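Chemist: One structure is given below, represented as structure tokens, and several questions about it will come after.
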Amino acid sequence: MSPRTAVVGSGPGGLACARVLHRHGLPVTVLERDPSRDARPPGGTLDLHANLGQLALDKAGLLAEFQKLSRPEGQAMRILDTDGTVLRDWRPGPDDLANPEIDRGLLRDLLLGPLEVRWGREVTEVVPRAPGDGTLVRFSDGREETYDLVIGADGAWSRVRRAVSSVAPRYTGVTLIETSLDDVDVRHPELARLVGDGSVAVYGANRSVVAQRNGGGHVKVYAQVRTPLDGLRGLDPSDAEAVRSRLLTLFDGWAEPVLDLLRHGTAYVPRALHALPISHTWTHVPGVTLLGDAAHLMPPLGAGANLALLEGAELAELIAENPGDLDEATRAFEQRMWPRAETWSTITSAGLDRLIGPDPAEALALFDEVQSP
């Protein structure tokens, strides 16, 4: 009999896992707390690395479709000084497909394909039981279901994680405030030129502004500040004018075009960045495992979604190789995942310290290191 497998969470990693299982003819149930696929904005754009996210899509048989949807020109990156001086202006070559960008919504729809997601199923608890008895999943509406394997792909504040680990994410010291500009090429052509085809970043002491082009004339803007967890206390996201005023104060003296990226936002969403310990692992628990942010939440510097995609695809392949021994498959998966995640957690943690730190020259130096052949 095919194993009863549940994937909790319909982010990139969870959907990649489900899609590869589906490709191998194995049944899978995707449980998602959102009431529908369009219940909330899907988020900004992602750059998928050739040896991580793109490899996962290849395992799912979706690489060719991804290449049609992605934007190689989105890899472009311009760095400015706080006075507006252009310090770096890197543009990819015509055949550079190492890290093309794709909007999260397009990636989600690509992965969803034929999958059936059970929307509105909020998991509150996962309870491993004796071998052969399956793993119990409890939902917010009081219902319960049992599966042979529950895969936690439910993000930073994972409910599934509690079944294997008592560790919780910790504040990194950096808070970002996200806003966005719509129809930028028509409504704000000067800012469209500033952002270009990819991203523009400005680094100051312990703060930065990054703007990233998405599809359809949409630009995401992120203001990041190193501050105590309560350092931006009192910000009310529903009062856009008050948040805008606070941001302009935090970045007072920066070049006007950079401030315009903040001025023209219409809604502002603050997010305190958290991360799990760099070496987070757990004692193996039969019937439960984790992937992506649920397993190794790290600073958002381009690795998280890529790792989640590859982990989902790899776990599905291991299950497909021996569906009769889920315990062996998940053990092998965890042993493969942990060292790679630790490496990337180390890189992204150090990167955040350099990007949002006291010396802006460190941010520029990091960019040069990443772009060097």
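Chemist: From the list Arg340, Arg331, Arg271, exactly one residue is closer than 29 Å to Tyr171 by Cβ, free of Cβ contacts under 8 Å to residues at least 60 places away in the same chain and not hydrophobic (A, V, I, L, M, F, W, C). Which is it?
Modeler: Arg340
Chemist: Tell me the strands (runs of 3 or more DSSP E) entirely within region 211-297 that contain at least 3 residues that are under 17 Å from the mean Cα position of the chain (by Cα). Give the derivation first.
Modeler: Values: elements: 219-226, 269-275, 288-290.
The qualifying strands (runs of 3 or more DSSP E) are 219-226, 269-275.
Chemist: Counting just the residues of region 127-138 that are open to solvent by 10 Å² or more (accessible area, probe 1.4 Å) and under 29 Å from the mean Cα position of the chain (by Cα), which one comes out nearest to Ser10 (Cα to Cα)?
Modeler: Ranking the candidates gives Arg138 first.
Chemist: Name the strands (runs of 3 or more DSSP E) wholly inside region 144-208 in which the number of residues that are hydroxyl-bearing (Ser, Thr, Tyr) is 2 or more. Spell out how you get there, then give the answer.
Modeler: Details: elements: 144-147, 149-152, 170-181, 199-204.
So the answer is 144-147, 170-181, 199-204.
Chemist: For region 78-126, what are the residues that are open to solvent by 40 Å² or more (accessible area, probe 1.4 Å) and part of a helix (DSSP H, G or I)?
Modeler: Selection gives Arg104, Leu106, Arg108, Asp109.
Chemist: Within region 312-326, is even one residue open to solvent by 10 Å² or more (accessible area, probe 1.4 Å), touching a residue at least 12 places away in the same chain (Cβ under 8 Å) and of a type in the set (Val, Ile, Thr)?
Modeler: For region 312-326, residues open to solvent by 10 Å² or more (accessible area, probe 1.4 Å), touching a residue at least 12 places away in the same chain (Cβ under 8 Å) and of a type in the set (Val, Ile, Thr): absent.
Chemist: Could you check region 153-180 and list, in sequence order, the residues that are farther than 25 Å from Val123 by Cβ and small (Gly, Ala, Ser)?
Modeler: Within region 153-180, Gly173, Ser180 meet the criteria.
Chemist: Filter region 150-166 down to residues that are aliphatic (A, V, I, L, M) and touching a Ser or Thr at 6+ places or on another chain (Cβ under 7 Å) and give me whichever is nearest to Gly14 (Cα to Cα).
Modeler: First, pick out the residues of region 150-166 that are aliphatic (A, V, I, L, M): 150-151, 153, 156, 160, 163-164.
Subsequent filtering for residues that are touching a Ser or Thr at 6+ places or on another chain (Cβ under 7 Å) retains 150-151.
Working: Val150: 11, Ile151: 8 Å.
Across region 150-166, the extreme among qualifying residues is Ile151.
Chemist: I need the full set of residues from region 215-251 which are among the charged types (D, E, K, R) and surrounded by 15 or more Cβ atoms within 10 Å (Cβ to Cβ), in order please. It would help to see each step written out before you state the result.
Modeler: So the first thing to find is which residues in region 215-251 are among the charged types (D, E, K, R), and the list is 220, 226, 230, 233, 236, 239, 241, 244, 246.
Hits for region 215-251 are Lys220, Arg226, Arg244, Arg246.
The values are calculated or read from the model by the stated rules, or taken from the named source; none is laboratory data. Worth saying up front: this structure is predicted, and the values here are computed from it rather than measured. When we count neighbours, we look across all protein chains shown, and the Cβ atoms used for this are built from the backbone with ideal geometry, even at glycine. For accessibility, only protein heavy atoms count, side chains too; no ligands or nucleic acids. Shrake-Rupley method; radii C 1.70, N 1.55, O 1.52, S 1.80 Å.
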